[in-house]
Amino acid sequence: MSQQPDDTERLTSLLQALRGPEPPAEFLTGARRRYLDAIEMRDRRQVLVGLGAALVGLAVVAILLGPTALLASLAQVAADLARWTTGVGIVLALVPLPIWASAALGSIAAVLSLVFVARARSLGLVK
């Protein structure tokens with residue numbers, strides 16, 4: 001069996017068979033520079049398209065989940081409020097009224113004593 005050379009080898013041999021002047025060095029360096037610039041531009045464009053797609057996806061997620069997150073936080077606040085209200089109701093139901101009255105009177109007395117001490121100090125500083 002005979003083996004046929006692949007296409008790149010054939011193309012290379014055909015190009016070498018062409019008679020023509022060698023391109024100048026400036027042309028080769030300019031072509032290389034233009035080629036590298038084109039590759040860099042293509043990569044930059046791909047990065048910008050990817051970044052744009054990511055930002056659009058993030059915006060879509062924020063738009064779709066924004067109201068859901070707000071409703072979830074409002075539901076959490078309502079659940080916490082209901083839990084606290086239930087806890088206060090249970091404590092009020094379990095503790096007898098005389099204890100609540102004595103605690104309230106003690107708190108009022110403490111606040112009044114602090115007010116009187118602060119007033120006496122302010123009057124003492126004025127004199």
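Going toward the positive end of the dipole of the chain, with +1 on Lys and Arg Cβ and -1 on Asp and Glu Cβ, which of Gly124, Ala31, Leu14 do you reach last? Highest projection toward the positive end goes to Gly124.
The charge dipole of the chain, taken about its Cα centre with unit charges on the Cβ of Lys, Arg, Asp and Glu (plus for the first two, minus for the last two), comes to roughly 960 debye. The HN-Hα couplings worked out from phi for the stretch 109-121 by the Karplus form 6.51 cos²θ - 1.76 cosθ + 1.60 (θ = phi - 60°) are 4, 5, 5, 5, 5, 5, 5, 5, 5, 5, 5, 5, 5 Hz, whole numbers, x standing for Gly and Pro. Using every pair of distinct Cα positions in the stretch 1-102, the Kirkwood expression returns a hydrodynamic radius of 22.8 angstrom. For the chain, the share of accessible area belonging to carbon and sulfur comes to 72 percent (1.4 Å probe, ligands and nucleic acids excluded). Tilt of helix 7-17 relative to the longest C-alpha principal axis of the chain, in degrees (0 to 90, nearest 10)? It works out to around 50 degrees.
Note that the chain presents 93 Å² accessible area per residue, ligands and nucleic acids not counted, probe 1.4 Å.
Considering only Ala53, Trp84, Val95, the residue lying farthest towards the positive end of the dipole of the chain is Val95, judged by Cα position with unit charges set on Cβ.
The values are calculated or read from the model by the stated rules, or taken from the named source; none is laboratory data. Note that the structure is a prediction, hence the values are computed from the model and not measured. Cβ coordinates were reconstructed from backbone atoms using ideal geometry, including for glycine residues, and neighbour counts include every protein chain displayed. Keep in mind that these areas ignore ligands, DNA and RNA; they rest on the heavy atoms of the full protein, side chains included. Shrake-Rupley method; radii C 1.70, N 1.55, O 1.52, S 1.80 Å.
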